[in-house]
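Student: Have a look at this one.
The values are calculated or read from the model by the stated rules, or taken from the named source; none is laboratory data. Since the structure is predicted, the reported quantities are computational estimates derived from the model, not experimental observations. In this analysis, Cβ positions are derived from the backbone assuming ideal geometry, glycine residues included, and neighbour counts consider all displayed protein chains. Note: accessible area is taken over every heavy atom of the protein model, side chains too, but ligands, DNA and RNA are not part of it. Shrake-Rupley method; radii C 1.70, N 1.55, O 1.52, S 1.80 Å.
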Protein chains: 2
Amino acid sequence: MLQELTEAHYSKHDYIFREGDPTEYFHIVKEGTVKCVKSTPEGKECTLKMLMPGDLFCCDAAAFDGASHPGSAQPMGDVSILRMRKKAYFEMLQRNPAAAIEVIKYLGNRLNEAQEKTKDLALDRADQRLASLLVDLATRNGIKDPNGIRLTIRLTRQDMANMVGITTETAIRIMSRFKRDRLVSGTANRLVIRDLPGLKTLASAS
Amino acid sequence: MLQELTEAHYSKHDYIFREGDPTEYFHIVKEGTVKCVKSTPEGKECTLKMLMPGDLFCCDAAAFDGASHPGSAQPMGDVSILRMRKKAYFEMLQRNPAAAIEVIKYLGNRLNEAQEKTKDLALDRADQRLASLLVDLATRNGIKDPNGIRLTIRLTRQDMANMVGITTETAIRIMSRFKRDRLVSGTANRLVIRDLPGLKTLASAS
DNA sequence: CAATAAACATGATCTATGTCATGTTTGTGA
DNA sequence: TCACAAACATGACATAGATCATGTTTATTG
């Protein structure tokens with residue numbers, strides 16, 4: 001039944017697909033992290049989501065009609081993904097209502113997430129959005145560390161900037177302030193959240 | 001089979017539900033326009049989406065688990081909606097894979113829309129976002145008018161501001177400029193798009 | 001291990017947009 | 001139709017964050 005599910009491997013600087021490419025597959029992240037990006041002709045980038053193991057992508061309409069990808073997908077380091085041709089995928093959903101409901105629940109969560117992000121971009125300051133991001137990462141991708149919570153995902157200031165809609169310089173300045181205030185320490189290779197409650201307060205401060 | 005689908009009516013100043021309320025129903029807009037809003041404790045608002053006839057809401061995870069509404073839903077004038085208790089809704093999806101796939105497609109489109117909006121908020125200027133909004137409304141909710149395309153939906157400058165993440169004053173200023181430049185005319189009760197191509201150019205100008 | 005490129009840092013501006021204030025016009029309900 | 005409340009308008013000013021520039025530190029790779 002699942003022989004249509006094949007595995008593919010990618011590494012840094014590869015593209016899983018680019019914005020505008022035709023959609024062929026439904027994907028599941030098996031290992032590693034995948035970055036979903038939209039960019040402008042002038043080279044500005046906006047990171048929509050970091051997909052982690054278990055995350056689905058192209059599980060939606062785009063995969064169904066003859067549409068093309070609305071953004072690109074890039075691996076952050078080595079990743080392996082499972083994929084299925086969209087025809088097989090939709091046949092599977094047809095035969096398997098429980099799976100379809102799981103996809104509905106997953107998409108619903110993603111939509112809520114996206115709308116929460118919209119609200120943050122529309123109403124919060126840069127430092128609040130960055131604090132939110134760090135809180136999120138700490139809870140989802142953090143492991144215990146003598147000084148707090150270490151992020152398992154390697155993120156540069158530029159990556160963070162693209163995730164919260166600010167420039168790299170601004171991200172650096174705010175991170176420097178967070179460092180000075182003992183909220184975080186370290187840089188991309190070893191970023192430690194030292195004061196999670198402090199960041200939470202900041203994230204929701206009016 | 002569909003006797004579980006009941007009709008409800010609301011009008012201006014009602015709430016269909018508020019942020020934080022427990023989810024009880026799955027909804028479909030039958031007539032009128034419904035505004036999805038998130039707001040901050042300080043009273044700032046962000047409009048996520050205007051739902052039109054045919055639009056589904058609470059068709060997702062939130063409706064499934066015991067979760068509460070992540071935003072509120074307010075009618076813009078008189079609306080009628082069809083709704084179904086979430087238990088009946090999920091049973092229906094279980095029995096009817098074609099319906100489940102429709103919901104998946106619908107949610108996928110909503111997610112793409114939301115992500116496009118994220119990109120706009122992160123990378124575009126206020127006037128571009130407002131121009132985009134007007135283009136969108138003109139194509140989706142416009143009817144022919146001697147001077148261009150008239151919007152069938154009554155939107156104040158404040159409504160527009162909340163939809164694109166700017167203040168009311170900024171929306172008024174930009175709309176005044178658009179009026180001066182003969183891109184639009186009129187106000188909430190009779191808003192006419194006079195130069196759709198002009199707005200399109202503006203919307204995607206670097 | 002040297003060389004080269006990323007990543008991080010920080011200062012000096014500049015500017016889009018927010019904030020506050022005040023006034024006019026338009027709509028609406030008693 | 002009068003009164004009251006929204007909606008629209010516009011100026012003055014404040015400021016968060018962008019932009020540009022230059023330098024240091026940290027990684028990466030041949």
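Student: Taking the stretch B:98-132 as the region of interest, how many residues are under 17 Å from A:G108 (Cα atoms) and open to solvent by less than 30 Å² (accessible area, probe 1.4 Å)?
Tutor: So the answer is 12.
Student: Just checking, does the stretch B:63-71 include any residue being assigned to a strand (DSSP E or B), open to solvent by less than 50 Å² (accessible area, probe 1.4 Å), outside the structural domain of B:D136 (by TED's automatic domain parsing) and within 24 Å of B:E116 (Cα to Cα)?
Tutor: No, every residue in the stretch B:63-71 fails to be assigned to a strand (DSSP E or B), open to solvent by less than 50 Å² (accessible area, probe 1.4 Å), outside the structural domain of B:D136 (by TED's automatic domain parsing) and within 24 Å of B:E116 (Cα to Cα).
Student: Could you please find all residues in the stretch A:73-87 being away from chain B (no Cβ under 14 Å) and of a type outside the set (D, E, K, R)?
Tutor: A:Q74, A:P75, A:M76, A:G77, A:V79, A:S80, A:I81, A:L82, A:M84 - these are the residues of the stretch A:73-87 that are away from chain B (no Cβ under 14 Å) and of a type outside the set (D, E, K, R).
Student: Taking the stretch B:182-206 as the region of interest, how many residues are touching a Leu at 6+ places or on another chain (Cβ under 9 Å) and more than 18 Å from B:D145 (Cβ to Cβ)?
Tutor: 2
Student: I would also like to ask the following. Note down all Cβ pairs under 8 Å where the first residue falls in the stretch B:30-57 and is facing another protein chain (nearest Cβ under 9 Å) and in a loop (DSSP other than H, G, I, E, B), the second is open to solvent by 20 Å² or more (accessible area, probe 1.4 Å) and at pLDDT 95 or above, and they're at least six residues apart or on different chains.
Tutor: Once the first residue is facing another protein chain (nearest Cβ under 9 Å) and in a loop (DSSP other than H, G, I, E, B) and sits in the stretch B:30-57, its partners that are open to solvent by 20 Å² or more (accessible area, probe 1.4 Å) and at pLDDT 95 or above give B:T40/A:L123; B:K44/A:L123.
Student: Show the residue pairs that are 6+ apart or on different chains and have beta-carbon atoms under 8 Å apart, the first residue being within the stretch A:75-104 and more than 11 Å from A:H27 (Cβ to Cβ), the second being among the hydroxyl-bearing types (S, T, Y) and not in a strand (DSSP E or B).
Tutor: Once the first residue is more than 11 Å from A:H27 (Cβ to Cβ) and sits in the stretch A:75-104, its partners that are among the hydroxyl-bearing types (S, T, Y) and not in a strand (DSSP E or B) give A:P75/A:S11; A:P75/A:T33; A:M76/A:T33; A:G77/A:S11; A:G77/A:T33; A:D78/A:S11.
Student: OK, next. State whether one or more residues within the stretch B:130-138 are among the polar types (S, T, N, Q) and over 16 Å from B:M50 (Cα atoms).
Tutor: no
Student: Follow-up question, since we're still on this one. May I ask you to list the residues in the stretch A:96-127 that are more than 8 Å from every other protein chain (Cβ to nearest Cβ) and under 17 Å from B:D60 (Cβ atoms)?
Tutor: Hits for the stretch A:96-127 are A:A99, A:E102, A:E113.
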